[in-house]
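Working notes, beginning with the structure itself.
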Amino acid sequence: MKKLSRREFLRVGATVAAGATLAPYIAQADEAVVSNAPAARQGVTIQYWPSWSNFPPAWEKMVETDEYKEFVGDNTVEVKTGTPWEAVLTAIAAGTPPDAVSNYQYLDLMARGVLRPIDDWVAASEYFKKELYFEGSWNDGFYQGVMYGAPGIEGFLRYGLNYNAKMVEDAGLDPDNPPQTWEGCLEWHEALTKFDDAGNLTQMGLDPYDAMGGQIAIQDGFYPPVSWGWKWFDADAGTFNIANDMMIEAFDVMGEFYRIAGPDNVAGIRSVEGQGGWGGSFNASVQAMIIEGYWHPGETIIQKPEVGQYNRATWAPVPTAREGAKVQGTGGHYVVFFKDAANTEPMFKIAEFFQTDTACQILFEDVGWLPARIPFIEKTDPSAFPGLEFYFDSVTEATEWSSPARCPITAYVSQQYQELREKVFRDELSAADAAAEFQTRCEDEYKMAGF
Amino acid sequence: MTLQRWGLRPKYRNLLLGLIFISPWLIGFIVFTIYPLISSLYYSLHRYDLLRPPVFLGLDNYITFFTDKSHTPVVVYNTLYYVVLSAPLGVVSAFLLAGLLNTQIKGRSVFRAIFFFPAIVPAIVTAQIWRFLLNVQYGAVNGALQGLGLSTIPFLSNPDLSKPSLILIHMWAQGNAMLIFLATLQDVPRSLYEAATVDGANGWHKFRYITIPMCSPVILFNLIMAFIGGFQNFTLPWLISGGTGGPNQSTEFYSIHLYRRAFQNLHMGYASAMAWILFVVIVAFTVILFRSSGRWVYYGGAAE
């Protein structure tokens, strides 16, 4: 056998290596030719990132339906849940965003021009018609007159005071006569808050900053302005209205719940049960009342039926001076599409699929969610979950409607609110100073963000 | 050889060969260190939110940091508090621990393994364990206190106690520094101790005049690493506070604030400026430590 010289060996090796390196590209080039043909436009992989961790079981059921198969065609949808916001930002900055996302800071994305306007698609759609949706939810898909968000997945009403009727009864209170004002809630809170012999909190009446009471981020509104009845941000003028008597009163009134339970105690419970944990402490029967949206009855019965069976809901509290005001809000979620993504058009078909009764029914039964889509709401059984009926009744009984402010620095506002309210209930800052500081911080940030 | 055929002079040929051989590292260094370093300096002079093109601001981000009364004072105080206490205490605890584990005790290897173990536990596990151990309502430590008829302590939920608690956890996780000290202690010549014994030195004298000076270069090294780590402290407080820097901003350290400004508030330019300020502070601290080391660090091999 002929021996290979070192030079020949290197030459053969280099040829093989070059061939191996180029082989995938050669194969891809062939595929690229095929994929340019009209028939091959099918078969793309759509990237959809909804951040909810409880979405996958419902999605698994959806993909099995005939309707989904019609909508998706020969395409494939890759759903990635629980992706951190930081990863979404990095993907956008790198020019490789997913085709669409849900449950992220929609306004941050809309205001910074990374989303694809969808007015043209919506105009041509059989599914997206303004009159089929709650007005506030439809309107919140727009930013400065351009539509970016296709309502979907979850979007029914946002506010209600949910309470565990059994815990209420055990505390000697009347579950048929729930409080309607902050004053009334405070009385219930005092009766329902329990400590052990060492002074540790074992049960809390109401954490007013949990869930919808404390969140501003994404599309969930800012509860003090809803409860006290004012607008905290003027999107047209780009001005904030936070340093006012109502915000001051809200800091004081809501902070009192923490003073009674003990700020360290609440922080301790929260580190286990989670702050803004969307019902975690309610499910654990550590908290008897919670300000939550319509999803609370369904989620609780699905996740913890032994607790969910006692759930009841009533109007979210308002100040005594506004007794009788029945506040309710729209908002909810959207599918938003990235300008730089490759397969947004087939993804829009999936957003349309989310509007079908099939998809909505799966989401309702498996997760407890309802859309902002009126035809489906009209078909839904309000008695499906204990407490849900209140939300259905509130559609006609509410006296005041709110929608999340169109503020492009909402995440920052939420963060500052959390910081400053803690300084108030820990008596480090007066409510008036906190409100003034809140206003200043928001104004400074708005300028700094370049709006 | 090909390079010879190119007619390169031996000096350049060797340089080229050297560069080719280190090119994997060199490329990585340029792409993952030099480029981010330069780009962060560039972004620190701009308003940049990752989503829109950068807008030149000059030194505004730096000025904003130094003039911000809302967050900068709190963040700087928290960080200095942590660095000034955790770095020396961490080094002292590691040194004492190494001293104890260097003695002739039964089961020494087992003890060494036990005390080193925290160093290899992932931060997320450490955070979860301590969160549950120190929780005021459900924690094992408070459960034990309650069992003894004592009042519970809100270690992590009280703003005055959260930083000391984090320092305590830091002192517990000193396995790496302890291991380095242990190796150093074993390298101290026995003859020095024997000579000291002959001279009538007691245990304290031996520790003060032999052990500490002989270990001082390693003490300096561990101290510098502890200072740098303290300034960059992120993972544990982030996990323990659930990413809030709470309670009441008491664990909002410099790196946590930087991260929140970058990724939660979309101020990548401002965060880059913060990173550069931190870099300068760390360099300054390191230089000060090195300068002071001439007075207290003993190098056996150093020229007189």
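The values are calculated or read from the model by the stated rules, or taken from the named source; none is laboratory data. Every value quoted in this text rests on a predicted model; they were computed, and no experiment measured them. Note that each Cβ is placed from the backbone with ideal geometry, even for glycine, and that neighbours are counted across all protein chains shown. For the accessible areas, the whole protein counts, side chains as well, though only heavy atoms, and no ligand, DNA or RNA atoms are used. Shrake-Rupley method; radii C 1.70, N 1.55, O 1.52, S 1.80 Å.
Name the residue, out of A:GLY308, A:GLY279, A:GLY331, that is more than 21 Å from A:ALA398 (Cα to Cα) and either modelled with pLDDT under 95 or in the same structural domain as A:ASP119 (by TED's automatic domain parsing) (or both).
Working: A:GLY308 fails: either modelled with pLDDT under 95 or in the same structural domain as A:ASP119 (by TED's automatic domain parsing) (or both); A:GLY331 fails: more than 21 Å from A:ALA398 (Cα to Cα).
Every option except A:GLY279 fails the conditions.
Here is a yes/no grid of residues against (1) outside the structural domain of A:TRP232 (by TED's automatic domain parsing); (2) at pLDDT 95 or above; (3) part of a helix (DSSP H, G or I):
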| position | (1), (2), (3) |
| --- | --- |
| A:PHE392 | yes, yes, yes |
| A:PRO408 | no, no, no |
| A:TYR412 | no, no, yes |
| A:TYR417 | no, yes, yes |
| A:LEU420 | no, yes, yes |
| A:VAL424 | no, yes, yes |
| A:ALA432 | no, yes, yes |
| A:GLN439 | no, yes, yes |
| A:ASP444 | no, yes, yes |
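Contact list please: Cβ distance under 8 Å, first residue in the range B:235-252 and over 19 Å from B:ILE129 (Cβ atoms), second residue open to solvent by 20 Å² or more (accessible area, probe 1.4 Å) and aliphatic (A, V, I, L, M), pairs at least six apart or on different chains.
The qualifying pairs are B:GLY246/A:ALA267; B:PRO247/A:ALA267; B:PRO247/B:LEU156; B:GLN249/B:VAL74; B:GLU252/B:VAL74.
May I ask you to list the residues in the range A:98-138 that are of a type outside the set (Ser, Thr, Tyr) and part of a strand (DSSP E or B)? Please lay out each step first, then the result.
Filtering the range A:98-138 down to residues of a type outside the set (Ser, Thr, Tyr) leaves A:98-101, A:103, A:105, A:107-124, A:126, A:128-132, A:134-136, A:138.
Hits for the range A:98-138 are A:ALA100, A:VAL101, A:LEU115.
Select from the range A:165-219 the residues that are surrounded by 16 or more Cβ atoms within 10 Å (Cβ to Cβ) and of a type in the set (Phe, Trp, Tyr) and write down the one among them that is modelled with the lowest pLDDT.
Only one residue tops the list, namely A:TYR209.
Restricting attention to the range A:56-96, which residues are facing chain B (nearest Cβ under 10 Å) and touching a helix residue (DSSP H, G or I) at 6+ places or on another chain (Cβ under 6 Å)?
Hit for the range A:56-96 is A:GLU86, nothing else.
I'd like the full set of residues that are open to solvent by less than 40 Å² (accessible area, probe 1.4 Å) and under 24 Å from A:THR45 (Cβ atoms), limited to the range A:107-121. Spell out how you get there, then give the answer.
Taking the range A:107-121 as the starting set, the residues that turn out to be open to solvent by less than 40 Å² (accessible area, probe 1.4 Å) are A:107-115, A:118, A:121.
Result: A:LEU109, A:VAL114, A:LEU115, A:ILE118, A:TRP121.
Could you tell me which residue of the range A:104-126 is farthest from the other protein chains (Cβ to nearest Cβ), considering only residues that are under 18 Å from A:PRO50 (Cβ atoms) and modelled with pLDDT of 95 or more? Lay out the reasoning, then the answer.
Our first condition is that a residue be under 18 Å from A:PRO50 (Cβ atoms); within the range A:104-126, this holds for A:104-110, A:114-116, A:118.
Checking the rest, the ones that are also modelled with pLDDT of 95 or more come to A:114-116, A:118.
Values: A:VAL114: 5, A:LEU115: 10, A:ARG116: 14, A:ILE118: 18 Å.
In this case the residue turns out to be A:ILE118.
Restricting to helices (runs of 4 or more DSSP H) lying wholly in the range B:114-195: which have 3 or more residues that are more than 14 Å from every other protein chain (Cβ to nearest Cβ) and among the small types (Gly, Ala, Ser)? So that I can check it myself, show each step before the final result.
On the way: elements: B:123-134, B:140-147, B:159-172, B:175-186.
Answer list for the range B:114-195: B:175-186.
Note down all Cβ pairs under 8 Å where the first residue falls in the range B:257-276 and is within 8 Å of chain A (Cβ to nearest Cβ) and buried (at least 23 other Cβ atoms within 10 Å of the Cβ), the second is of a type in the set (Val, Ile, Thr) and assigned to a helix (DSSP H, G or I), and they're at least six residues apart or on different chains.
Close Cβ pairs satisfying both conditions: B:TYR270/B:THR64.
Give me the pairs: first residue in the range A:68-94 and on the phi > 0 side of the Ramachandran plot, second residue of a type outside the set (Asp, Glu), beta-carbon distance under 7 Å, and six or more apart or on different chains, which are they?
Every condition considered, the pairs that remain are A:GLY73/A:GLN42; A:GLY82/A:SER51; A:GLY82/A:SER53.
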